[in-house]
Amino acid sequence: MLATVTGVAALAALFTFVPWWHAHGLYMRDAVRLDGQWWRVLTAMWAHLGWRHYLSDVAATAGLVLLAGRVARIRTMLAVLVVCGVAAQVALLRMPAVGWYGGLSGAAHGLALWAALRLLQAPGWSRVIGVVTCAIVLGKVWVEQSWLAAVVFDPSWGFGVVRGAHAAGAVAGLACWLLQEWWGQRRR
């Protein structure tokens, strides 16, 4: 697990702190839609808007990897993280208010909901942790009300928080869990 967390932190550091990678990694709506720079849909989750943003997202993702490690394999967690990140970027293409985006928060919301649903299926304290985590993620998405405003400027961050990515990531996490459940039932 330590190698996974280190890998996530290193990849995010590359896209955050190396200027060329940062400039070409951020999601930029017009660049994707008009100039065909589709790779930004794959890389934007790794590019952050400074040290504080980077540390916040990497710490949250590391915590979720450790939490989900109770009930899932590393490969599966990484796949869910990447799928949720890409799904959030694709969803942003449908949100004209979002001109640009960077960060792991959309992917982390998806990983959090997926991990919570997996924990619900485990016995003992894991189930309690799953219930609490589900309530936190769903409550946060509900309170943010991204369907009313996909982007809200947050003065404490100094930039617009793309709440639409949080909601899209959570929906993708639910979809990953449903697909995994369906596949598991099909194989039995």
Margin query: Along the Cα→Cβ direction, 7 angstrom out, place labels at F159 and W39. What is the inter-label distance in nm?
Written below: 2.0
Check: Size of region 102-188 along its principal axes in angstrom, Cα-based, largest extent first?
Finding: 49, 27, 21
Check: Per the Kirkwood definition applied to all pairs of different Cα atoms, how many angstroms is the hydrodynamic radius of region 54-123?
Finding: 12.7
Checklist line | Pairwise FRET efficiency - E181 versus R52, Cβ, R0 = 41 Å, nearest 0.05 | finding: 0.65
Item checked: Largest-first principal axis extents of the Cα set of the chain (Å) -> 47, 37, 36
Check: Using only helices, what value at 222 nm comes out for the chain when you add -39,500 (n - 2.57) per DSSP H run of length 4 or more and divide by the total residues, to the nearest 500 deg cm²/dmol?
Finding: -22500 deg cm²/dmol
Next item on the list: Give a residue-ordered list of calculated ³J(HN,Hα) values for region 142-149 (Karplus: 6.51 cos²θ - 1.76 cosθ + 1.60, θ = phi - 60°; whole Hz; x for Gly, Pro).
Entry: 5, 5, 5, 6, 4, 5, 8, 8
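Kindly state, to the nearest 0.05, the FRET efficiency for W20 paired with V90, given R0 = 25 Å and r defined as their beta-carbon distance. Please list the in-between numbers first.
Values: r = 25 Å, r/R0 = 0.98.
So, using R0 = 25 Å, E works out to roughly 0.55.
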Checklist line | Contour minus Cα-Cα distance for V132 and W147 (0.36 nm per residue) | finding: 3.0 nm
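At a 1.4 Å probe radius, which order do H48, H24 fall into by accessible area, largest first?
Working: H48 0, H24 70 Å².
Largest accessible area first, the residues go H24, H48.
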Notebook entry, point to check: What number, in percent, do you get for the relative contact order of region 1-158 if the mean sequence gap of Cα pairs under 8 Å and at least 6 apart is divided by its residue count?
Noted result: 23
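The values are calculated or read from the model by the stated rules, or taken from the named source; none is laboratory data. In this text the structure is predicted, and so the values were computed from the model without any measurement. Positions of Cβ are backbone-derived with ideal geometry, glycine not excepted, and every protein chain shown enters the neighbour counts. For accessibility, only protein heavy atoms count, side chains too; no ligands or nucleic acids. Shrake-Rupley method; radii C 1.70, N 1.55, O 1.52, S 1.80 Å.
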